[in-house]
Amino acid sequence: MPEDDLSAAILAAAVSGIGGQPRPGQATMAEEVTRTFDHGEHLLVQAGTGTGKSLGYLAPALANLVANPEGRIVIATATLALQAQLAGKDIPAAADACAQVTGTRVSHAILKGRTNYACLLRVREGAGAEQEALLPEPGETTGVGAEVVALRQWAEEEAEAGRLADRDDAPPHTQPAWAQVSVPVRECLGVQRCPHGQECLVEKSRDRARSSQLVVTNHALLAVDALHGGTALPDYDALVIDEAHELVSRVTGAASVELSPAHVERVARRCLTWLSDDVGVAFLDAADSLQLGLDAGEIGRVLDPDAEIVASLRLLRQAARAAVSGLAGGKDDETDRRQAQAAAQEVFDIAERMAKLDEYDVVWTSESERFGRQVNCAPLSVAGLLRGQVFENHPVVLTSATLKIGGDFRSVAASMGLGGDEGVPWRGVDVGSPFAYRSQGILYVAKHLAAPTREGIAADALAEIAELLWAADGHTLGLFASQRAAEAAARYCREHVPERLVLCQGDAHLARLTAEFIEDEEASLFGTLSLWQGIDVPGDTCRLVIIDKIPFPRPDDPLMQARQQAVVDAGGNGFMAVAATHAGLLLAQGSGRLIRTLTDKGVVAVLDPRLVTARYGSFLKASMPDFWMTTDRETAIGALRRLGTNGP
C-alpha cells in the first residue's frame, strides 16, 4: 500500500478508535506531513485548535516507520503536559490503529533531560554536606529533608522495579528536594566512573530510545543535542516539532547562561576542601569582585570591554581556572571532588564566554528583589544553530496553532533560520480550524481608551474591565502585560463587582487557581505570561478574555533590543521583525484561549486602541483568529449579557 494511503488508513482507524469524527484539516495535514517525509522539504503547518494535529502527524509518522522499520522519527514538544498527553493517550491510540491496519506495532519511548531522572549516586551516597544538612531530625516528617528521604526511598523502589524514576512520577516534593536526588549534566561522572553507572536511569532511558522507532522528547533536549553535536538524542531520520511557536524561545533559553555572586561563592566553598589556601581564597574573593563589578555599573547590556563588570569576569575566569587545576587528579572514588571540579569548570566556561563580549552573544546585567544582581548571556540569534544542526540533515515538520504571524509564515520561518540567503527550502500550509470564529467569537477593541503607558493601568481601563466582567457574570480570563497590572485589576474588580470571585496569579499556586477557576464557572482569573499560553479551559468557564495591552517586549529588554538593532543593521525593520512579531505571537496565543470547542462562544476584549489605530495594527490583528470585530462597547456588553441569559 502506498505510504499516503497507509497514513490515511491509520488516521481513519485512530479517529474511529477514540470515537472521533473525520476532520478535513487533519486529513490535509497528514497528507502534507507524508509528502515532507517522502521528499525532504521542511514543512511549517498551522493547525488551528480542534484540528487534532497530534494524530495528524502521528499517522504519517507510523506509516513511514512501518515502511522503513530501521528508521527513527523524533517528536519534540515544548511542554511536559503535551509530552505526557502523547505518551499516555495519542501515541497508544495511533499505535493501536497502526497495528490494526498493518499488523505491525511500532515501538516508542519518552526521552527527557538528565535532571528529570533520579541519580542513584546521589540517592545512595548523598550529595555531601549540603544534603546531609537538609536531612530531618528523628521524628521529623515535614520540610525539605523529609522530602529528600521520601524521594530516596521512592527512587530505590522504582529502580528495583525496573522503572525510570522520573520526576513527574515522584511523590510530592519541592525543587530544592529534587535537586538533592538528581544531578546536573556537568556534574555527572559518566557511566565508566560512576559506581552505579551500570544501573544509571538516564542511560536506561537512552537505551530505550535507541531501541525505539518513535521517540518523544522536548525542545530543551533538542537544543542540547544541537549545541553539543548530536550527543543527547539517538540518530533519527525525520523530526516533528510540535508547539513550534515556542522553539526559538526554548532554544535561546537552553543556550543562555547566568552568573551571580551567590552562586560563585557556593561553588567556591564547595571546592575549598581540596584547594590550597591561596587558590581557595582567590576563588572566594572573585565572588566578591563580581559583586563589586555588578554594583559599579548600570543595569542593562554590557558593551564596553573596559567596564568594571568585564574586569570582574576576567578575574573570575582566572580564579576558576586555577581552582579547576587544583582539583585535578585525586582518586577515582572521590565523587565529591570530581563534582566540585565540574562545577568550577562550569563557572570558568561561563565567565570566559561572558568576558569575550562576542558579537554573536548579548551580555547584560539584571536585578531582582529575590536574587539581587547577576550577569546574563544569550545568543543574539539561534537561526544559524537551528539551520546548521537541526534542518541540515533531516526533513523537519514544525506545527502549532499559531505559526502565521501577520498573516504569513515568513516571520517565524526567518527566526528559525529557514529561507533567506542560505536558501533552506521550506513550505507553509495552513490547514485551518474546525471552529467558525466569526460566528463563535467577537473581537472588541476599546478604541475610545487612551493608549497604555508605562505608568501602570489607567483608571478608565480598570472601569472598563469591571464593566466587562460584570456583563459576563464572571467567566473571565484576564491576560495582563505585568503582574502589577493584574493585581491592580483584581483589587478594582473585587471592590466594584464584589459578588464575583476574582482570582489573581500569585494568590496561590497557579495549578490550584486554575482548578478553582474551572470549578466555579462564575469565577475570573487574572494573570500574566503563563496564562497567555499555558491554560486550556473549554466550555462556559471562559466567555470573556481581556487583554489589557499589546504584549510588546519590554523596551529595556537587552536581548530584544540587540536583536532589533541587528535587523536594522542588516537593512530590515527591527521593530516589525522582532517586537511586532513577538507581540503578534502572544496575541494569537492569548486570544486563542477563548474558543476551545465547537460550542464555545464569547468575546476577546483588547483594551489597547493601537490594535486599530496604529499602522502595525493590521499586522497584529492578522495574527489573531478571524473573529467578528467591533469597537463599540455596548455591542460587546450586549453580547456578553445575552450569553449570560441564554447560555453558550
Legend entry - Residue within the stretch 443-464 that is in contact with a Gly (Cβ under 8 Å, 6 or more places away or on another chain) and either farther than 26 Å from Pro538 by Cβ or not acidic (Asp, Glu) (or both) present: no
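Would a scan of the stretch 455-470 turn up a residue that is modelled with pLDDT under 90 and not acidic (Asp, Glu)? First the steps, then the outcome.
Step one: list which residues in the stretch 455-470 are modelled with pLDDT under 90, which gives 455-456.
Among the residues that remain, those that are also not acidic (Asp, Glu) are: 456.
Scanning the stretch 455-470 turns up at least one residue that is modelled with pLDDT under 90 and not acidic (Asp, Glu).
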Inset, instruction - Report the residue count in the stretch 398-417 for those that are under 16 Å from Val251 (Cβ atoms) and either open to solvent by 10 Å² or more (accessible area, probe 1.4 Å) or of a type in the set (Asp, Glu) (or both). - result: 3
Legend entry - Failed item, numbered, when Leu462 is tested on (1) in contact (Cβ under 8 Å) with a residue 24 or more places away in the chain; (2) open to solvent by less than 40 Å² (accessible area, probe 1.4 Å); (3) in a loop (DSSP other than H, G, I, E, B): (3)
Legend entry - Selected residue (criterion: nearest to Val267 (Cα to Cα)) from residues of the stretch 197-211 that are open to solvent by less than 30 Å² (accessible area, probe 1.4 Å) and in contact with a Leu (Cβ under 6 Å, 6 or more places away or on another chain): Leu201
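Could you count how many residues in the stretch 598-621 are among the hydrophobic types (A, V, I, L, M, F, W, C), modelled with pLDDT of 95 or more and surrounded by fewer than 16 Cβ atoms within 10 Å (Cβ to Cβ)?
Just the residues of the stretch 598-621 that are among the hydrophobic types (A, V, I, L, M, F, W, C), to begin with: 598, 603-607, 611-612, 614, 619-620.
From what's left, modelled with pLDDT of 95 or more: 603-607, 611-612, 614, 619-620.
Those still in the list that are surrounded by fewer than 16 Cβ atoms within 10 Å (Cβ to Cβ) too: 614.
Count: 1.
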Inset, instruction - Name every residue in the stretch 19-60 that is over 23 Å from Val390 (Cβ atoms) and either surrounded by fewer than 16 Cβ atoms within 10 Å (Cβ to Cβ) or among the charged types (D, E, K, R) (or both), in order of residue number. - result: Gly19, Gly20, Gln21, Pro22, Arg23, Pro24, Glu31
Inset, instruction - Within the stretch 284-316, track down each residue that is part of a helix (DSSP H, G or I), farther than 22 Å from Thr273 by Cβ and either at pLDDT below 95 or open to solvent by 60 Å² or more (accessible area, probe 1.4 Å) (or both). - result: Gln291, Leu292, Asp295, Ala296, Glu308, Arg314, Leu315
Legend entry - Filtered residues of the stretch 350-397 (kept if farther than 15 Å from Ala254 by Cα, charged (D, E, K, R) and in contact with a Lys or Arg (Cβ under 9 Å, 6 or more places away or on another chain)): Glu352, Glu367
Inset, instruction - Output yes when any residue across the stretch 547-565 is under 22 Å from the mean Cα position of the chain (by Cα), in a strand (DSSP E or B), surrounded by 15 or more Cβ atoms within 10 Å (Cβ to Cβ) and hydrophobic (A, V, I, L, M, F, W, C), and no when none is. - result: yes
Legend entry - Near pairs, Cβ below 8 angstrom, 6+ apart or cross-chain, from the stretch 67-92 (of a type outside the set (D, E, K, R)) to any residue that is assigned to a helix (DSSP H, G or I) and at pLDDT below 90: Ala67/Glu3; Thr77/Gln83; Leu80/Asp168; Ala84/Asp168
Inset, instruction - Collect the residues in the stretch 524-544 that are open to solvent by less than 30 Å² (accessible area, probe 1.4 Å) and either within 17 Å of Ser400 (Cα to Cα) or among the hydroxyl-bearing types (Ser, Thr, Tyr) (or both), keeping them in residue-number order. - result: Ser524, Thr528, Trp532, Ile535, Thr541
Inset, instruction - Please verify whether the stretch 333-348 includes one or more residues that are crowded, with 16+ Cβ neighbours inside 10 Å, under 20 Å from Gly253 (Cβ atoms) and out of contact with any Cys (no Cβ under 8 Å at 6 or more places or on another chain). - result: yes
Legend entry - Of all residues making up the stretch 34-55, the number that are over 24 Å from the mean Cα position of the chain (by Cα), assigned to a helix (DSSP H, G or I) and not charged (D, E, K, R): 4
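The values are calculated or read from the model by the stated rules, or taken from the named source; none is laboratory data. Because the structure is predicted, anything quoted here is derived from the model rather than measured. Heads up, the Cβs are rebuilt from the backbone with ideal geometry, glycines too, and the neighbour counts pull from every protein chain shown. When the accessible area is computed, the model is the full protein with side chains, heavy atoms only, and any ligands, DNA or RNA have been set aside. Shrake-Rupley method; radii C 1.70, N 1.55, O 1.52, S 1.80 Å.
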